[in-house]
2 protein chains.
Amino acid sequence: MTEKVVIIGGGAAGPKTAAKLRREQPDVQIDLYTQENIISYSACGLPYFIENLIQSPETLIIRTPEDFKKQNIDIHLYQKCVKVNPDEQTVLIQDLTNNNIYEVPYTILVIATGAIPVIPKIDGINLKNIFTLRTIDDGIKIKQKMYESKKAVLLGGGYISIEVMEALVNNGLNVTLIERNQQILKMFDKDLADRVTDYIIGRNPGQVNILTGEEVIAFKGNENNEVAEVITASGKRIETDFVVLGTGVRPNTDFLEGSGIKLGIKNSVKVDTTMKTSNHNIYAAGDCTDNYNLVTNKHTWVPLGSTANKEGRCAAINIAGGNCLFEGILNSTITKYFEYTISIIGISYKEAVELGFQPEYAIVTKRDKAGYMPDSEAMTLKMIVDKNTHTILGLQGIGEGDVNQRINTVLPAILSKTKLESFMNLDLPYSPPYSPAIDPVLNAAQIIYQKLNG
Amino acid sequence: MTEKVVIIGGGAAGPKTAAKLRREQPDVQIDLYTQENIISYSACGLPYFIENLIQSPETLIIRTPEDFKKQNIDIHLYQKCVKVNPDEQTVLIQDLTNNNIYEVPYTILVIATGAIPVIPKIDGINLKNIFTLRTIDDGIKIKQKMYESKKAVLLGGGYISIEVMEALVNNGLNVTLIERNQQILKMFDKDLADRVTDYIIGRNPGQVNILTGEEVIAFKGNENNEVAEVITASGKRIETDFVVLGTGVRPNTDFLEGSGIKLGIKNSVKVDTTMKTSNHNIYAAGDCTDNYNLVTNKHTWVPLGSTANKEGRCAAINIAGGNCLFEGILNSTITKYFEYTISIIGISYKEAVELGFQPEYAIVTKRDKAGYMPDSEAMTLKMIVDKNTHTILGLQGIGEGDVNQRINTVLPAILSKTKLESFMNLDLPYSPPYSPAIDPVLNAAQIIYQKLNG
């Protein structure tokens with residue numbers, strides 16, 4: 001029987017593991033250590049807090065340390081794990097309030113330390129008002145700065161930048177997004193990514209600028225050491241009141257160096273399908289772990305809150321002696337820019353080619369409901385199918401129509417490797433307020449079927 | 001090679017067959033005969049036309065005879081098929097403008113005559129202002145009558161009655177729905193159906209009444225032979241200005257009697273997966289055909305516009321020498337009552353028990369988006385799983401939240417018989433505006449998993 005479970009990390013996976021484990025095992029001792037001043041919050045909601053769709057940061061907190069205390073789970077705030085000693089079954093914890101370091105023994109350890117922003121090595125990166133967005137404190141700082149600003153620069157063309165863009169545009173700022181690649185949203189095919197760019201620029205003409213293929217080489221500050229200008233390799237100089245870095249994250253695993261715990265892609269913690277690491281008594285869950293991609297059959301690293309919750313739940317069930325297999329992920333992501341949804345599952349056409357698949361694709365632009373319904377909206381879907389197996393490899397969806405529904409319709413078919421021939425006649429429920437008589441996902445499948453059989 | 005294709009029926013399946021066949025075979029002769037005065041319209045949109053969300057009935061017309069003429073497809077209106085002679089490869093057509101009957105030869109025949117309302121044998125059923133809703137003419141009559149009325153009675157507690165109820169309530173009428181069974185929505189489990197009843201009554205207190213377990217035994221008319229009162233077996237007398245019958249439909253196949261073409265459930269035309277009937281040169285598609293239920297592995301009859309479109313498309317591909325298999329249906333239906341979605345796929349718990357499955361179920365009530373998003377809404381899902389195979393048998397969803405998305409997420413898993421263990425960790429795309437970190441469908445699957453493993 002497990003006696004003392006120590007959990008490191010307080011974002012999504014750690015608290016989820018703790019809560020689920022308590023339900024499974026009422027008597028086990030559970031201690032959770034986190035370097036932050038709060039736990040169990042939705043980092044994914046931060047852009048909507050900045051936008052002020054959510055007024056109070058407390059709204060994002062799912063459970064407080066007091067809530068956990070009632071479940072007999074001890075939460076230790078401002079306590080950072082600096083070392084894991086698997087042989088002794090101890091961790092070293094640094095008390096950030098006084099920097100003292102102390103040892104904590106464990107029977108079972110759960111590593112759930114998440115991810116941390118990658119800070120690009122750019123001249124002037126340490127100027128004031130250059131922010132990352134990962135914690136609630138980050139969100140509060142950006143929101144405060146936003147309210148006293150007229151213009152901002154966002155680095156990186158991923159989801160975070162698009163979400164922060166909406167927040168800033170909705171609060172009246174002029175915003176410039178700068179992306180090093182020739183397109184934003186690098187996991188998408190360029191044709192669809194460029195449509196998103198066009199939409200974003202077209203929605204607020206003059207207020208928004210998106211620069212692709214531009215590298216930032218320096219930030220220039222004013223007399224107060226506050227960022228005032230962003231300089232690109234091509235010589236552009238963009239005045240700004242602040243900068244938000246959306247330049248990626250990496251696993252928060254530096255403290256595991258030398259521990260003997262096996263690391264995988266990008267130094268994420270390698271786990272098996274039970275969420276166990278290479279060490280018998282050590283589990284890991286959430287953004288700090290690697291993932292298995294069920295489409296490519298390759299290990300990958302995709303840090304996401306939904307995966308973190310599922311992994312934490314699985315880890316808890318297995319720690320409690322149950323049997324939960326987390327088989328893998330499908331690279332599913334979604335975001336929105338105002339009413340416009342942006343989503344991809346599986347792999348893009350270009351990735352399919354790179355990976356050696358023989359892909360076929362279809363692009364369908366259609367309304368999401370019966371065309372005569374007054375609230376129907378358009379959307380564009382790009383479906384990718386493997387010519388050899390006739391299974392779906394991926395779907396990209398963009399538009400003001402209900403893209404999410406279509407993405408979710410295709411996802412289980414990717415998981416189950418359903419043949420195109422079965423999928424294209426799928427009995428989707430039909431009513432004019434919900435879809436056309438033949439749903440756009442079925443149109444896409446039918447078009448590919450015709451291409452394969454034409 | 002096909003020379004002359006004759007299509008009987010002008011609703012959804014017939015025109016779809018014609019249009020698809022023309023794309024596949026530019027030169028074949030195509031003639032479509034229909035007893036109606038228009039073709040190719042969305043009957044499913046009629047309630048929204050009555051409600052006046054759609055102002056003009058023309059909006060519901062997908063393609064006119066003139067559109068078809070441009071594609072070299074001849075549409076013959078007011079021409080009713082009264083007999084099929086498979087041995088001679090001819091049909092007898094009655095010209096409804098003069099009642100003359102003439103013979104039309106075919107090489108390939110497509111039967112797509114749809115369904116017609118069942119008129120219950122009730123005293124007074126022939127009084128004026130007792131309507132069915134199947135054609136655009138029906139819709140126009142009900143809409144006209146609605147505008148001069150204060151109160152209405154709907155017979156039958158199925159989708160049509162709920163859709164017409166919304167239309168009438170939204171136009172200020174007092175409405176009474178009368179259902180013979182102890183619940184509305186008989187394909188749902190009673191617990192969920194009763195919640196729908198509560199919602200409908202609660203949304204417009206005093207304006208709406210739902211009587212279950214009540215049989216209508218007579219309609220009483222006024223001096224103009226207009227219906228004025230509905231009388232039930234328990235002695236209730238309900239004053240009304242008009243009645244809409246939502247008491248079901250049956251296949252429109254009476255004219256096939258004696259033709260030798262095999263009929264199946266409820267006298268629907270038996271077809272194989274290529275949409276061919278028992279006769280070599282005769283196909284059938286749409287509401288007049290039987291269906292194969294992929295969950296129960298039994299033949300059934302579920303007349304729906306979405307199925308009609310897919311079947312028409314498949315029939316056309318096969319007539320043209322291609323290969324399209326329509327494998328079956330999953331009993332998928334959806335409707336709404338104002339903002340409240342009502343949907344079922346697969347089978348209910350009670351049906352699972354009746355059919356000899358050993359079902360387990362979970363009911364989950366949860367918000368559709370992250371709870372802190374200002375526009376999140378609640379919904380209730382009931383998932384049914386087979387204890388023996390751990391595959392999903394059905395899902396019922398109701399509520400103001402985005403039920404449709406969840407229904408569509410589970411549907412492909414039912415089709416592919418995905419194991420609960422794989423489904424419950426499905427990598428659904430997560431972002432706070434689209435779902436909670438763990439989606440309600442996954443919660444439902446997880447709860448059932450716990451029940452099966454607890």
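So, B:Lys151, is that one touching a strand residue (DSSP E or B) at 6+ places or on another chain (Cβ under 9 Å), outside the structural domain of B:Leu381 (by TED's automatic domain parsing) and surrounded by fewer than 23 Cβ atoms within 10 Å (Cβ to Cβ) or not? The answer is yes for B:Lys151. What residue, among those in segment A:368-403 that are surrounded by fewer than 24 Cβ atoms within 10 Å (Cβ to Cβ) and among the polar types (S, T, N, Q), is farthest from the other protein chains (Cβ to nearest Cβ)? This residue is A:Asn388. Residues of segment A:437-451 that are in contact (Cβ under 8 Å) with a residue 40 or more places away in the chain and either at the interface with another protein chain (Cβ under 7 Å from one of its Cβ atoms) or closer than 19 Å to B:Asn291 by Cβ (or both): A:Ala437 alone. What number of residues within segment B:423-454 are touching a strand residue (DSSP E or B) at 6+ places or on another chain (Cβ under 9 Å), outside any helix (DSSP H, G or I) and farther than 19 Å from A:Gly312 by Cβ? The total comes to 2. If only residues of segment B:20-44 that are more than 22 Å from the chain's Cα centre (by Cα) and among the aliphatic types (A, V, I, L, M) are counted, the one that is surrounded by the fewest Cβ atoms within 10 Å (Cβ to Cβ) is B:Val28.
When residues in segment B:1-22 are screened for being out of contact with any helix residue (DSSP H, G or I) (no Cβ under 7 Å at 6 or more places or on another chain), assigned to a loop (DSSP other than H, G, I, E, B) and over 19 Å from B:Gln89 (Cβ atoms), 1 of them pass.
Would you confirm whether any residue within segment B:274-284 is under 20 Å from the mean Cα position of the chain (by Cα) and either within 14 Å of another protein chain (Cβ to nearest Cβ) or touching a residue at least 40 places away in the same chain (Cβ under 8 Å) (or both)? Even if it seems obvious, please write down each step before you answer.
Initially, segment B:274-284 is screened for residues under 20 Å from the mean Cα position of the chain (by Cα), giving B:275, B:284.
Next cut, either within 14 Å of another protein chain (Cβ to nearest Cβ) or touching a residue at least 40 places away in the same chain (Cβ under 8 Å) (or both) only: B:275, B:284.
Among the residues of segment B:274-284, at least one is under 20 Å from the mean Cα position of the chain (by Cα) and either within 14 Å of another protein chain (Cβ to nearest Cβ) or touching a residue at least 40 places away in the same chain (Cβ under 8 Å) (or both), which makes the answer yes.
Restricting segment B:286-308 to residues that are β-branched (Val, Ile, Thr) and away from chain A (no Cβ under 12 Å), which is farthest from B:Val353 (Cα to Cα)?
If we take residues in segment B:286-308 being β-branched (Val, Ile, Thr) and away from chain A (no Cβ under 12 Å), then B:Thr289 is farthest from B:Val353 (Cα to Cα).
Just so you know, in segment A:262-296 the residues that are among the small types (Gly, Ala, Ser) and not in a strand (DSSP E or B) include one that is surrounded by the fewest Cβ atoms within 10 Å (Cβ to Cβ), and it is A:Ser278.
Looking across segment B:416-436 at every residue that is of a type in the set (Gly, Ala, Ser) and surrounded by 24 or more Cβ atoms within 10 Å (Cβ to Cβ), the one that is farthest from the other protein chains (Cβ to nearest Cβ) is identified as B:Ser435. Out of all the residues in segment B:48-63, is one or more away from chain A (no Cβ under 14 Å) and aromatic (Phe, Trp, Tyr)? Checking segment B:48-63: not a single residue is away from chain A (no Cβ under 14 Å) and aromatic (Phe, Trp, Tyr).
Each row is one residue, and each column tells you yes or no for (1) within 12 Å of another protein chain (Cβ to nearest Cβ); (2) under 20 Å from the mean Cα position of the chain (by Cα); (3) crowded, with 24+ Cβ neighbours inside 10 Å; (4) assigned to a strand (DSSP E or B).
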position	(1), (2), (3), (4)
A:Lys310	yes, yes, yes, no
A:Arg313	yes, yes, yes, no
A:Gly322	yes, no, no, no
A:Glu327	yes, yes, no, no
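On inspection, B:Ile342 does not qualify as buried (at least 21 other Cβ atoms within 10 Å of the Cβ), touching a strand residue (DSSP E or B) at 6+ places or on another chain (Cβ under 6 Å), farther than 26 Å from B:Ile160 by Cβ and more than 8 Å from every other protein chain (Cβ to nearest Cβ). Does A:Val196 meet the test of being surrounded by 16 or more Cβ atoms within 10 Å (Cβ to Cβ), in a strand (DSSP E or B) and hydrophobic (A, V, I, L, M, F, W, C)? Considered against the rule, which asks whether it is surrounded by 16 or more Cβ atoms within 10 Å (Cβ to Cβ), in a strand (DSSP E or B) and hydrophobic (A, V, I, L, M, F, W, C), A:Val196 comes out as no.
In contact with a His (Cβ under 6 Å, 6 or more places away or on another chain) and crowded, with 19+ Cβ neighbours inside 10 Å, is that true of A:Tyr48? So A:Tyr48 fails the test. Answer yes or no as to whether A:Val410 is closer than 26 Å to B:Leu395 by Cβ, under 22 Å from the mean Cα position of the chain (by Cα) and within 9 Å of chain B (Cβ to nearest Cβ). Yes; evaluated as a whole, the condition is true for this residue.
For every residue, the table says whether it meets (1) under 22 Å from B:Gly454 (Cβ atoms); (2) not β-branched (Val, Ile, Thr).
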| position | (1), (2) |
| --- | --- |
| B:Arg367 | no, yes |
| B:Ala370 | no, yes |
| B:Met379 | no, yes |
| B:Val385 | yes, no |
| B:Thr389 | yes, no |
| B:Leu393 | yes, yes |
| B:Ile398 | no, no |
| B:Asn404 | no, yes |
| B:Asn408 | no, yes |
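Regarding segment B:39-56, can at least one residue be identified that is within 15 Å of B:Leu109 (Cα to Cα) and either touching an Asp or Glu at 6+ places or on another chain (Cβ under 6 Å) or in the same structural domain as B:Gly286 (by TED's automatic domain parsing) (or both)? The answer is no; no qualifying residue exists.
Which one is surrounded by the fewest Cβ atoms within 10 Å (Cβ to Cβ), of the residues in segment A:154-182 that are touching an Asp or Glu at 6+ places or on another chain (Cβ under 6 Å) and in a loop (DSSP other than H, G, I, E, B)? Result: A:Arg180. Taken over segment B:199-220, the criterion of being farther than 18 Å from B:Gly399 by Cβ and in a loop (DSSP other than H, G, I, E, B) is satisfied by B:Pro205, B:Gly206, B:Gln207, B:Gly213, B:Glu214, B:Glu215. Please verify whether A:Tyr349 is more than 25 Å from A:Glu51 (Cβ to Cβ), surrounded by 15 or more Cβ atoms within 10 Å (Cβ to Cβ), in contact (Cβ under 8 Å) with a residue 12 or more places away in the chain and more than 8 Å from every other protein chain (Cβ to nearest Cβ), treating the condition exactly as stated. Yes; evaluated as a whole, the condition is true for this residue. If you check A:Gly454 against the conditions, is it crowded, with 24+ Cβ neighbours inside 10 Å, more than 7 Å from chain B (Cβ to nearest Cβ) and of a type outside the set (Asp, Glu)? So A:Gly454 fails the test.
The sole residue among A:Val104, A:Val82, A:Val91 that is modelled with pLDDT of 95 or more, surrounded by fewer than 17 Cβ atoms within 10 Å (Cβ to Cβ) and farther than 30 Å from A:Ile231 by Cα is A:Val82. If I ask for residues that are in a loop (DSSP other than H, G, I, E, B) and either free of Cβ contacts under 8 Å to residues at least 24 places away in the same chain or facing chain A (nearest Cβ under 7 Å) (or both), which ones from segment B:329-339 would you list? Those that are in a loop (DSSP other than H, G, I, E, B) and either free of Cβ contacts under 8 Å to residues at least 24 places away in the same chain or facing chain A (nearest Cβ under 7 Å) (or both): B:Leu330, B:Ser332.
The values are calculated or read from the model by the stated rules, or taken from the named source; none is laboratory data. Owing to the predicted nature of the structure, the values given are computational and were not obtained by experimental measurement. Using ideal geometry, Cβ is built from the backbone for each residue, glycine included, and neighbour counts are taken over all protein chains shown.
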